[in-house]
Protein chains: 2
Amino acid sequence: MAVQKDFSVDCVVFGYHEDELKVLLIEQRMPETSAGKEKRYALPGDLVQDNEDLDDSASRVLKELTSVELENAYLKQFYTFGNPKRVKGLRDQQWLRSFRQDPDARVITVAYYSLVKMEDYNPVAASFASETVWMNVDEVPALAFDHNTIFDKALATLREKIKYYPIGFHLLPKKFTLSQLQHLNEVISGEELDKRNFRRKVQKLPYIIPLEEKQKGVFHKPARLHVYDERFKE
Amino acid sequence: MAVQKDFSVDCVVFGYHEDELKVLLIEQRMPETSAGKEKRYALPGDLVQDNEDLDDSASRVLKELTSVELENAYLKQFYTFGNPKRVKGLRDQQWLRSFRQDPDARVITVAYYSLVKMEDYNPVAASFASETVWMNVDEVPALAFDHNTIFDKALATLREKIKYYPIGFHLLPKKFTLSQLQHLNEVISGEELDKRNFRRKVQKLPYIIPLEEKQKGVFHKPARLHVYDERFKE
């Protein structure tokens with residue numbers, strides 16, 4: 001008999017706050033009979049419903065599992081993962097046998113990533129998530145299924161993207177200093193950047209506008225504030 | 001009962017030859033009972049096999065339907081299409097009822113695009129393709145399923161990509177003139193480019209190397225030849 005097939009969506013929500021880049025994880029509710037007792041984290045994800053479009057599914061999943069409603073937020077499909085063995089690990093199978101009707105199905109997953117200012121969102125666990133946590137991107141533990149592969153690909157996508165697109169739109173305060181912008185680039189690229197070269201490059205970017213206004217509440221050399229040009233917003 | 005689900009891959013193969021950008025289509029073999037008699041084109045695509053990885057599936061499909069073996073070629077996943085109604089058109093259903101075991105299944109498709117020099121490939125129709133054709137990208141007719149949507153997204157992806165990446169690697173001759181490079185950019189972007197601005201930009205690109213060598217067999221002002229820096233090849 002042919003293998004049963006199904007599809008899911010998984011969401012990599014990147015959050016930025018006070019110079020730190022984090023990813024939103026859920027703690028999976030594990031069955032009593034589970035082999036391991038340690039906590040087990042996963043990306044928020046679930047099966048796509050019968051008449052549901054993929055984008056709608058990604059929004060629904062985030063709302064159901066983490067109570068996060070990303071209205072008008074940046075939530076983009078970036079890659080689909082279909083390794084035939086991607087849900088066949090021992091603990092994956094234990095979880096699937098407790099929570100899914102057809103644990104033997106081959107599931108391919110369409111992955112989305114999102115960029116949010118952490119202060120705008122207050123995730124609350126629900127459904128088969130027993131907890132939600134913002135995890136520093138450098139400290140992501142072993143995740144369920146192939147979710148480490150998905151997370152790595154999302155971060156690599158972000159690293160490529162920040163070279164050419166104003167993704168800070170979704171992560172920085174409305175008015176920001178060039179130091180804040182440089183730090184965002186450093187955190188995402190994982191590399192320290194030379195201040196002078198960075199500023200030279202930024203001056204050539206059409207979408208970053210310097211303001212007359214300067215930082216407030218800073219005593220020593222307040223820095224000039226900048227905004228993104230809304231016309232370049234994705 | 002839950003809807004049956006399945007997944008497929010579809011391939012958008014872009015070919016370039018003598019300043020023209022084309023896409024590889026197959027003519028679908030239609031059942032005798034088909035409502036329409038006119039030819040019906042589709043992107044090369046098929047269901048993913050039970051133990052097959054998605055990338056392998058895309059290569060296999062191209063080989064089976066068009067006899068094109070893209071060894072070491074540029075074949076990249078770019079988007080997944082999952083509209084619940086994407087295979088529900090009248091002629092789509094007629095075709096599915098003749099050629100598929102479960103024509104009512106909901107099928108999501110993982111789409112790939114590829115870039116080839118047309119002279120390197122000689123597609124030959126096989127399996128349920130009754131013909132293969134290189135169609136100019138401006139003259140793509142109404143295709144089966146949601147293949148026009150997939151093609152449009154592939155072309156849009158290419159348009160974004162050529163802004164920042166040396167995709168001409170896969171499309172231009174090994175040694176090329178700046179006129180050839182400009183024309184490639186124009187064909188893909190669908191816009192005429194100013195020669196002087198274009199050359200100024202190209203000079204700043206780290207991956208295009210001018211040679212001492214000039215065009216041969218040209219009597220009037222032979223142009224300088226260029227190559228791509230292999231280190232930047234994707």
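Residue by residue, here is whether (1) under 25 Å from A:F14 (Cβ atoms); (2) of a type outside the set (A, V, I, L, M) holds:
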site: A:Y165; (1), (2): yes, yes
site: A:F169; (1), (2): yes, yes
site: A:L172; (1), (2): yes, no
site: A:L181; (1), (2): yes, no
site: A:K201; (1), (2): yes, yes
site: A:K216; (1), (2): no, yes
site: A:K221; (1), (2): no, yes
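Please pick out the residue among A:D120, A:D146, A:D138 that is modelled with pLDDT of 95 or more and of a type in the set (D, E, K, R).
A:D146
Within segment A:29-50, can one find any residue that is over 20 Å from A:A126 (Cβ atoms), within 14 Å of chain B (Cβ to nearest Cβ) and at pLDDT 90 or above?
Taking every residue of segment A:29-50 in turn, at least one turns out to be over 20 Å from A:A126 (Cβ atoms), within 14 Å of chain B (Cβ to nearest Cβ) and at pLDDT 90 or above.
Out of all the residues in segment B:40-50, is one or more loosely packed, with under 15 Cβ neighbours inside 10 Å, at negative phi and without any contact (Cβ under 8 Å) to a residue 60 or more places away in the chain? Break it down stepwise before answering.
Of the residues in segment B:40-50, the ones loosely packed, with under 15 Cβ neighbours inside 10 Å are B:49-50.
Keeping just the survivors that are at negative phi gives B:49-50.
If we keep only those that are without any contact (Cβ under 8 Å) to a residue 60 or more places away in the chain as well, we get B:49-50.
Looking for residues that are loosely packed, with under 15 Cβ neighbours inside 10 Å, at negative phi and without any contact (Cβ under 8 Å) to a residue 60 or more places away in the chain, one finds at least one in segment B:40-50, hence yes.
Where residues in segment B:71-127 are among the acidic types (D, E) and away from chain A (no Cβ under 14 Å), which of them is surrounded by the most Cβ atoms within 10 Å (Cβ to Cβ)?
By that ranking, first place goes to B:D92.
Within segment A:48-68, track down each residue that is of a type in the set (G, A, S) and not in a helix (DSSP H, G or I).
Correct list: A:S67 only.
Take the residues of segment A:174-194 that are farther than 21 Å from A:K153 by Cβ and of a type in the set (S, T, Y): which is surrounded by the most Cβ atoms within 10 Å (Cβ to Cβ)?
Once the filter is applied, the top-ranked residue is A:T177.
Exactly one of these conditions fails for A:K161: (1) within 14 Å of another protein chain (Cβ to nearest Cβ); (2) over 21 Å from A:D120 (Cβ atoms); (3) among the basic types (K, R). Give me its number.
(2) is the only condition that A:K161 fails.
Across segment B:84-104, which residue is farthest from A:F7 (Cα to Cα) among those that are touching a residue at least 24 places away in the same chain (Cβ under 8 Å) and assigned to a loop (DSSP other than H, G, I, E, B)?
Among residues in segment B:84-104 that are touching a residue at least 24 places away in the same chain (Cβ under 8 Å) and assigned to a loop (DSSP other than H, G, I, E, B), the one farthest from A:F7 (Cα to Cα) is B:G89.
Just one of B:V61, B:V107 is in contact (Cβ under 8 Å) with a residue 12 or more places away in the chain, assigned by TED's automatic domain parsing to the domain that holds B:V9 and in contact with a Gly (Cβ under 7 Å, 6 or more places away or on another chain); which is it?
B:V61
Name the single residue, out of those in segment A:136-158 being within 14 Å of chain B (Cβ to nearest Cβ) and surrounded by 15 or more Cβ atoms within 10 Å (Cβ to Cβ), that is farthest from A:R196 (Cα to Cα).
The selected residue is A:D146.
The values are calculated or read from the model by the stated rules, or taken from the named source; none is laboratory data. Everything numeric here is computed off the predicted structure, so don't read it as measured data. Heads up, the Cβs are rebuilt from the backbone with ideal geometry, glycines too, and the neighbour counts pull from every protein chain shown.
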